[in-house]
Amino acid sequence: MKLQRMNRRALTLGALAVSGALALTACGSDDNGGSSSSSSSSAANASSANCGTAKKGQQLLADGSSAQKNAIDAWVKAFSQACGVQINYKGGGSGAGVTSFNQGQLAFAGSDSALKPEEVTASKKVCSGGQGIDLPMVGGPIALGYNVPGVDNLVLDAPTLAKIFDSKITKWNDAAIKKLNPSATLPDLKIQAFHRSDESGTTDNFTKYLIATTPANWKYSGGKAWQAKGGQSAAGSAGVAQQVKATSGAIGYFELSYVGDGVKPVSINTGASAPVAPSTDSATKDIADAKIVGTGSDLKLQLNYNTKAEGAYPITLVTYEIVCDKGNKADTLPATKAFLTYIASEEGQKVLSTIDYAPIPDAIITKVRSTIASIS
């Protein structure tokens, strides 16, 4: 991203850190939505309650989804300033996060895909008397970002996207792309399709969309690892976005927060009356239609990738925070629980829409808050 955008984001995160810290010190309990008090003693008590029994100077190690890293960074700034807890979130990809969590190396992990049955089984070895559970915390669209000179408002649909990422459509002036963009001047330029080199929940969700909407054109089984032939790869959402920005004719998939100067988002023809661009609002319309399909304390969601609702963006992901329902390490549990309580709070969720993410709808996040309160 250009320096201007980086500086703008830095200023935004700095402002969020201050406002988030004020929210932590000024509001009542996040679990019950209590109102703030005007007295300084009440504010101090609220701060103590929000930070729980987390010890100042404590360090938490976390890893996982790079899709949510910009959100985690904003939350960490606010929480650390208010509570004095240091959180190191690596953002090395969903696969790396789940693996490290199940090896007992992390306080919590982030993943754009819910735990698989075998991963739940593995988690029981580190969650004494319990297991790993999925807490939906960050929503947002998976943007298809492109860099095609002279083309400002590109529209694509599922079959065309599948053929592009499966190396079946190789030029930007292909007839299928022309049909979707009749007024655009499409160049005779080679398509450079970039995918993730690491295991990624973003890959999993993008390919789930292709499988659900155009199975005749996407015959791969899906998952966190990229399966199609051809194309080029880069590590992390930031890496893919950087390659798209630097490469004429490039297209790649990543979260909306990684779209910047020189990288434009594709609008998707879903079959609705008008193509839908990725945005926090259009993603929320899709996430609101999700169903909780997890059992017990697990809050795994089933998204509607095949939506044709007006204004609903279909390539949407939800990032989960993965934690033990029971058997969390005693030394990290207070700080982990306090941080999760903050990011699931009304104040924490409000941060998301300011940095190109979508807050989790009320009906779902209310259940997340209750679950966090019960972890031990």
Check: LYS326: surrounded by fewer than 22 Cβ atoms within 10 Å (Cβ to Cβ) and assigned to a helix (DSSP H, G or I), yes or no?
Finding: no
Notebook entry, point to check: Residue check, ILE268 against (1) aliphatic (A, V, I, L, M); (2) more than 21 Å from ASP63 (Cα to Cα); (3) surrounded by fewer than 24 Cβ atoms within 10 Å (Cβ to Cβ), all met but one. Which one?
Noted result: (3)
Checklist line | Single condition ILE372 does not satisfy, out of (1) assigned to a helix (DSSP H, G or I); (2) surrounded by fewer than 21 Cβ atoms within 10 Å (Cβ to Cβ); (3) out of contact with any Gly (no Cβ under 9 Å at 6 or more places or on another chain) | finding: (2)
Checklist line | Filter result (assigned to a loop (DSSP other than H, G, I, E, B), in contact (Cβ under 8 Å) with a residue 40 or more places away in the chain, surrounded by 14 or more Cβ atoms within 10 Å (Cβ to Cβ) and of a type outside the set (Asp, Glu)) within segment 160-173 | finding: LYS168, TRP172
Check: Which of the residues belonging to segment 308-336 are over 27 Å from PHE101 (Cα atoms) and in contact with a Gly (Cβ under 9 Å, 6 or more places away or on another chain)?
Finding: LYS308
Margin query: Looking only at segment 177-205, filter to residues that are within 19 Å of ASP134 (Cβ to Cβ) and touching a residue at least 60 places away in the same chain (Cβ under 8 Å); which one of those is farthest from the chain's Cα centre (by Cα)?
Written below: GLU199
Next item on the list: Run down THR316, THR307 and say which single residue is under 15 Å from ALA143 (Cα atoms) and of a type in the set (S, T, N, Q).
Entry: THR316
Check: What single numbered condition from (1) in contact with a Lys or Arg (Cβ under 9 Å, 6 or more places away or on another chain); (2) more than 19 Å from ASP134 (Cβ to Cβ); (3) open to solvent by less than 60 Å² (accessible area, probe 1.4 Å); (4) in a loop (DSSP other than H, G, I, E, B) fails to hold for ASP356?
Finding: (1)
Next item on the list: Within segment 214-273, count every residue that is within 15 Å of LEU144 (Cα to Cα), of a type in the set (Lys, Arg) and not in a strand (DSSP E or B).
Entry: 1
Check: Which ones in segment 272-291 are at pLDDT below 95 and either closer than 21 Å to ARG196 by Cβ or surrounded by fewer than 18 Cβ atoms within 10 Å (Cβ to Cβ) (or both)?
Finding: ALA272, ASP281, ALA283, ALA288, ASP289, LYS291
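The values are calculated or read from the model by the stated rules, or taken from the named source; none is laboratory data. Just so you know, these numbers come straight off a predicted model, no measurement behind them. Positions of Cβ are backbone-derived with ideal geometry, glycine not excepted, and every protein chain shown enters the neighbour counts. Quick note on the areas: whole protein, heavy atoms, side chains included, nothing else; ligands and nucleic acids left out. Shrake-Rupley method; radii C 1.70, N 1.55, O 1.52, S 1.80 Å.
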